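Below: one structure, written as structure tokens.
The values are calculated or read from the model by the stated rules, or taken from the named source; none is laboratory data. All values derive from a computational prediction rather than experimental measurement. Here the Cβ is made from the backbone with ideal geometry for all residues, glycine too, and neighbour counts use every protein chain on show. Keep in mind that these areas ignore ligands, DNA and RNA; they rest on the heavy atoms of the full protein, side chains included. Shrake-Rupley method; radii C 1.70, N 1.55, O 1.52, S 1.80 Å.
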Amino acid sequence: MSKVSNESIDKLLDDKDFIETSDSYHDYRITYIEYRARMAEIFARHGLELKAPKSPYKTIKELNKLLSEKTITQTEYDEHLKRTLKDIEEESYYKAQQELSKTTT
């Protein structure tokens, strides 16, 4: 994998779609699945590849570690945990809908 330049990162961070998608996700206006799909498209436009998503359970484990090391505050932890739990809920609902559609077609 090639190294990402500061210029590429700057262009990405200035991208209107990147900013809107990030805000929409963090404000609970779109699901994690929608967020990942949109971000993959945005990154591709900038010639960047988006890594595979991290398991939300791994995220919780990392959050617990960061909190115990006092790298993040309790407030930051709570905010990230709330978003991660919402992601788990949405993913479970999405998978259930997929299974349901398999049985009704």
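Of all residues in the stretch 37-85, exactly one satisfies the criterion of being within 11 Å of the chain's Cα centre (by Cα) and in contact (Cβ under 8 Å) with a residue 40 or more places away in the chain, namely Arg83. Summed over the stretch 21-32, residues that are loosely packed, with under 14 Cβ neighbours inside 10 Å and in a helix (DSSP H, G or I) total 2.
For the stretch 62-73, the condition holds for no residue, the condition being that it is among the hydroxyl-bearing types (Ser, Thr, Tyr), open to solvent by less than 70 Å² (accessible area, probe 1.4 Å) and farther than 21 Å from Lys86 by Cα. The set of residues in the stretch 35-56 being outside any loop (DSSP other than H, G, I, E, B) and not basic (Lys, Arg) consists of Tyr35, Ala37, Met39, Ala40, Glu41, Ile42, Phe43, Ala44, Pro56.
Quick grid of which residues meet (1) touching a Pro at 6+ places or on another chain (Cβ under 6 Å); (2) at pLDDT 85 or above; (3) not aliphatic (A, V, I, L, M):
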| position | (1), (2), (3) |
| --- | --- |
| Asp23 | no, yes, yes |
| Arg29 | no, yes, yes |
| Ala44 | no, yes, no |
| Leu50 | no, no, no |
| Ser55 | no, no, yes |
| Glu69 | no, yes, yes |
| Thr73 | no, yes, yes |
| Glu76 | no, yes, yes |
| His80 | no, yes, yes |
